[in-house]
Amino acid sequence: MKGKIGLEEHFAIQETLGDSERYFHPAEWPMFSKRILDLMDIRLREMDEHGMQMMILSLNSPAVQAICDRKQAAEVARKANDEMAEAIARNPKRFRGFAALPMQDPDAAILEMRRAVKDLGCVGVLVNGYSQIDNPEVYKYLDDPIYRPFWAEVEKLDVPFYMHPRDAMPCNTHAVDGHPWLVGAAWTFGVETATHTLRLLCSGLFDEFPKLKYILGHLGETLPFCIWRTQSRIAREKRGVPAKRPLYEYMSDNMWFTTSGQFRTPALWNTIAEFSSSKILFATDFPFEEVGEACAWFDNCSVGDTDKQLIGRENSIKLFNLKNL
Ligand code: ZN
């Protein structure tokens, strides 16, 4: 399929590049770092080769979320958003962007989000999970009451919010002690991000802000498959859950799911069956995944042409109100 739009397509700036090094063998690192820093030729060549018209760019992970110093976090977010905006201005038909935000300071995050959306033209915001604040041991998830004004502003600006994975805090990873092969994209990213999303779903956030548009990568971080069981248990034993409605209703109304790093047709069918093809968006997770592999899978997967057009392109145009393509 030509004209695909990808939603989880990462870049790095020098200040955040090192955050991705732990996921690569030293021999692979020089080539990887060249690809993630590039916002021109290497990236455009890959896109051209595999029928991707556009990447909606986002910073690598955890990046700003792991910078404890509030002032420094705000500076790095600003610099990353400025560099991304320059790349978009050079190639407006090929790139758009999600803003990085300094969630360590909710007021600063609101200001940067307004600047990124209104002045730089960002089409959404992407946050890499919880943020460490002032001290590496202190961290907050986004259901914390300090973030309610932030969510109010996301709803007011009417831009989609993308919840992207990061490694869990070391104090929360004992279940995989001695099993380093399960850390990161192999397993723990999904558990961490699904848990963070369940915290938000259960917190009553979507009752308070019913117009929020919330995106999950990796075909929903296992939640489309698991949500019936979670909801079923919560319905029997409420244990004080603040959410007013069944969780899958918020997922139907407020959530979108991308194919990033999850190139598996039965998993895609399941997500379509649960939430419909209108809520699924193509993404690769470049350069952690290969554009070629993602596109070859998607172009050939057993999904009807109408659904493929929706997932590969049309849903993104609608969700982000993309113009002048
Ligand atoms: Zn990613």
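Taking the Cβ of residue 193 as the centre, find all other residues whose Cβ is under 15 Å away and add up their charges (Lys, Arg: +1; Asp, Glu: -1).
It works out to a net charge of -4.
Using Cα pairs under 8 angstrom and six or more residues apart, how large is the relative contact order of the stretch 18-93, in percent? Intermediate results must be reported in sequence, preceding the final value.
Values: 23 pairs, mean separation 24.7, N = 76.
Reported relative contact order: 32 percent.
Where the centre of each part is set by its Cα atoms, how far does the stretch 155-225 sit from the stretch 272-292, in angstrom?
Using only Cα atoms to place each centre, the spacing works out to 16 Å.
With a cut-off of at most 12 other beta carbons within 10 Å, and DSSP calling the residue loop, which trypsin sites (Lys or Arg not before Pro) in the stretch 79-116 qualify? Please list them.
On the way: sites: 79, 90, 93, 94, 96, 114, 115; in loops: 93, 94.
Hits after loop and neighbour filter: 93.
Over the chain, what relative contact order in percent results from Cα pairs under 8 Å that are six or more residues apart?
Reported as a whole number, the value is 19 percent.
Which of rounded, prolate, oblate describes the stretch 12-80, given a ≥ b ≥ c as roots of the alpha-carbon gyration tensor eigenvalues and a/c under 1.5 marking rounded, otherwise prolate only if a/b is larger than b/c?
In terms of gyration-tensor shape, oblate.
Give the cross-link partners of residue 4 among the lysines, using a straight C-alpha distance below 24 Å as the criterion and excluding same-chain residues fewer than 8 apart.
34, 93, 213, 279, 308, 318, 323
Pull up all non-local amide H partners of residue 96: gap of 5 or more, or a different chain, and H-to-H distance under 5 Å with H placed in the peptide plane.
55, 56, 57
Pop out the carbon and sulfur fraction of the accessible area of the stretch 4-319 as a percent, whole number, probe 1.4 Å.
About 54 percent, which is the carbon plus sulfur part of the accessible surface.
If amide hydrogens are placed 1.01 Å from N in the peptide plane, which non-local residues have theirs closer than 5 Å to the one on residue 281?
Placed amide hydrogens put 257, 258, 259 under 5 Å from residue 281.
Mind listing the long-range amide H neighbours of residue 91? Cut-off is under 5 Å, sequence gap 5 or more, other chains count too, H placed in the peptide plane at 1.01 Å from N.
Sorted by chain and number, the residues that satisfy this come to none at all.
Counting other Cβ atoms within 10 Å, keep those with at most 12, restrict to DSSP loop, and tell me which GluC sites (Glu not before Pro) in the stretch 1-91 are left.
Details: sites: 8, 9, 15, 21, 28, 46, 49, 75, 83, 86; in loops: 28.
Filter output for the stretch 1-91: 28.
With a probe of 1.4 Å, find how much accessible area the stretch 198-260 has per residue, and write the answer as a whole number in Å².
Here the residues of the stretch 198-260 average 48 Å² of exposed surface.
Return the FRET efficiency for the residue pair residue 252, residue 75: r is the Cβ-Cβ distance, R0 is 25 Å, and the value is rounded to the nearest 0.05.
0.05
Would you mind counting up the charge near residue 207? Only other residues with Cβ under 14 Å from its Cβ, with Lys and Arg at +1 and Asp and Glu at -1.
-1
Within 10 Å, count the other beta carbons around each residue, average over each peptide in 229-240, 134-145, 189-200, and list them highest first.
189-200, 134-145, 229-240
The values are calculated or read from the model by the stated rules, or taken from the named source; none is laboratory data. If you're wondering where the values come from, they're calculated on a predicted model, not measured in any experiment. Here the Cβ is made from the backbone with ideal geometry for all residues, glycine too, and neighbour counts use every protein chain on show. Heads up: the accessible areas ignore ligands, DNA and RNA and are worked out on the full protein's heavy atoms, side chains in. Shrake-Rupley method; radii C 1.70, N 1.55, O 1.52, S 1.80 Å.
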